[in-house]
Structure formats: C-alpha cells, structure tokens
Amino acid sequence: MSTREASRHDGIDGKVALVTGAGRGIGAAVTDALLAAGATVAAADLLIQPSTPHGAVPYLLDVRDAGEVDDVVAAVERDLGPIDILVNVAGVLLPGSVQDTDLDQWQQTIAVNASGVFLVSRAVTARMVPRGCGAIVTVSSNAASTPRMGMAAYAASKAAATAFTRCLGLELAGHGIRCNVVSPGSTDTDMLRALHDGTTLAEAWKTTINGDLTTYRLGIPLGRVAAPHDIADAVLYLASDRARHVTMHDLVVDGGATLRA
C-alpha cells in the first residue's frame, strides 16, 4: 500500500473488522477494501461463498439467531483479537406490493435487515464499550427515506436499521464508539440484477438510469449504476480515523437518485 493510500485510511491498518454478508456483492467489496487497508477481516455470511475474498477469515453466521451471533462474535475475538470495526451488510430483498407480501416474507425481511443489525451490533458493542473505542457502519439503503413501489417491507426494514444505528451512536458516543450509516442506491449486485430478471442488463440499467414515471421513480443524475466498490469506499472512510469526528451520520451514495429529498 502506498503512503498516500495508508494516509487515506488512517486507523484501519492492523485493526480487526467483522463484516456480515461478506460473501458477495457489497459485503465482499467492503471486505476487499478493509483487507487492502491492512485490516484483519472476519468475513461472516449465512453460507461460505466461493467468492469470499482471499485473505479474510470466514465464519458461518445467521444474523437472525441471537445465540449464533454471540458465539461468532466470541469466536472472532478469540481467534483474531478485539473487534475494532463492525460493518453490517447482511440483507435480503423480497420485492412485492403490500397486498402480495405475506407475513413470512415481512418477518424474514425485518429479521435479517433490522433485527440482524440489532443483534450483531449489540453483541459487538458490549465488548467495545469497556475498551472505549470502536466504529460501526451499517449499510442501509436510500429506500429507507424515499418511498419505492413494491419495496415496502425492504424500505421499512432499512429505515429501522438506519434509525437504530443512529440511536446506537448517540448512546455510545460517550464511550468513544462511532456509529454511522451508508445508504446506497442502485448498485450492481446479484440482488439488483434479480429485480430485472427477464430483461437484458443493458435494458435494465437504461431503465434504472433514466427512471420510470409509471412507478414514480426518478433516474440517476450521475448517469451510472454504482459498483460495489463505490459503496465500500464510503464505508472505508466512515470506519477510518479520517471520520473520527463523524457519528450518527447517514451517507447517501446513490448518484443523486433521491435528490436527497
């Protein structure tokens, strides 16, 4: 890593980071970025993916299971050392109108996207508090603050995760622990591609960038769909000492899609 690179990510080199949902997409990109910045990374996922970044230490984790969360957090600290950085990325998207969403889909979405953030953050910060330091970053969504058709459960779960993380930041500021949120818009992941199943990628991206008035959805002013590393760069900043005076912040990374409205 160059001197300039190390300078940009002060406070990450030599730290231990836990990333949930690390097997692919944004989670894998965040894991790669932390590894490149010199962190030791525990890559936690429901399944150990073949794409789990090389150099990370894999852990099987279902963020919905409180006992399993506590066991994995304890194992990471036993194996790798005290957790300095937590990045909550694990998430699911089960699209559908409110009338078409059954209770199981609703509960599954809330369990992963909101309760999972609560369980993992609670387990990790219980260990951070006595040490008087730490950084938490939760990957939410711009859907948390902007209504989306067919995404009520997802948007509600992400709004809950955002509010929880900011409240956690308020509670823990006196202990030297910073808690922030990164809210991506449309990002080139398997989750987004699944929404456009049946159309070519070029057609899907064109619709996403240009917007769709039939669903009251604006396009992306910057004219591009984000890459996972665009989101990882934002996470890396908030996890680093460059953001040492930033907490309870929600950094929207969506190319202007929501006009920050």
When region 126-153 is examined, which residues are found to be over 26 Å from Glu171 (Cα atoms), surrounded by 15 or more Cβ atoms within 10 Å (Cβ to Cβ) and touching a helix residue (DSSP H, G or I) at 6+ places or on another chain (Cβ under 7 Å)?
-> Arg148, Met151, Ala153
Scanning region 29-46 for residues that are within 17 Å of the chain's Cα centre (by Cα) and aliphatic (A, V, I, L, M) gives Ala29, Val30, Ala33, Leu34, Leu35, Val41, Ala42, Ala43, Ala44, Leu46
Taking region 241-254, which residues are in contact (Cβ under 8 Å) with a residue 60 or more places away in the chain, out of contact with any Cys (no Cβ under 7 Å at 6 or more places or on another chain) and either crowded, with 21+ Cβ neighbours inside 10 Å or not small (Gly, Ala, Ser) (or both)?
-> Asp241, Arg242, Arg244, Val246, His249, Asp250, Leu251, Val252, Val253, Asp254
Search result, residues across region 47-71 that are modelled with pLDDT of 95 or more, over 11 Å from Val19 (Cβ atoms) and part of a loop (DSSP other than H, G, I, E, B) | Asp62, Val63, Arg64, Asp65
Are any of the residues in region 102-110 farther than 19 Å from Cys167 by Cβ, acidic (Asp, Glu) and out of contact with any strand residue (DSSP E or B) (no Cβ under 6 Å at 6 or more places or on another chain)?
-> yes
Find all pairs meeting these conditions: Cβ atoms under 7 angstrom apart; at least six residues apart or on different chains; first residue within region 115-139 and closer than 16 Å to Ala42 by Cβ; second residue surrounded by fewer than 19 Cβ atoms within 10 Å (Cβ to Cβ) and among the small types (Gly, Ala, Ser).
-> Leu119/Ala66
Could you check, for region 168-176, whether at least one of its residues is surrounded by 13 or more Cβ atoms within 10 Å (Cβ to Cβ), under 19 Å from Thr258 (Cα atoms), modelled with pLDDT of 95 or more and in contact with a helix residue (DSSP H, G or I) (Cβ under 6 Å, 6 or more places away or on another chain)?
-> no
Some residue of region 182-202 being over 22 Å from Arg260 (Cα atoms), surrounded by fewer than 19 Cβ atoms within 10 Å (Cβ to Cβ), aliphatic (A, V, I, L, M) and under 18 Å from the mean Cα position of the chain (by Cα) | yes
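The values are calculated or read from the model by the stated rules, or taken from the named source; none is laboratory data. Because the structure is a prediction, the values reported are computed rather than measured. Ideal geometry is used to build each Cβ from the backbone, glycine not excepted, and the neighbour counts take in all protein chains shown.
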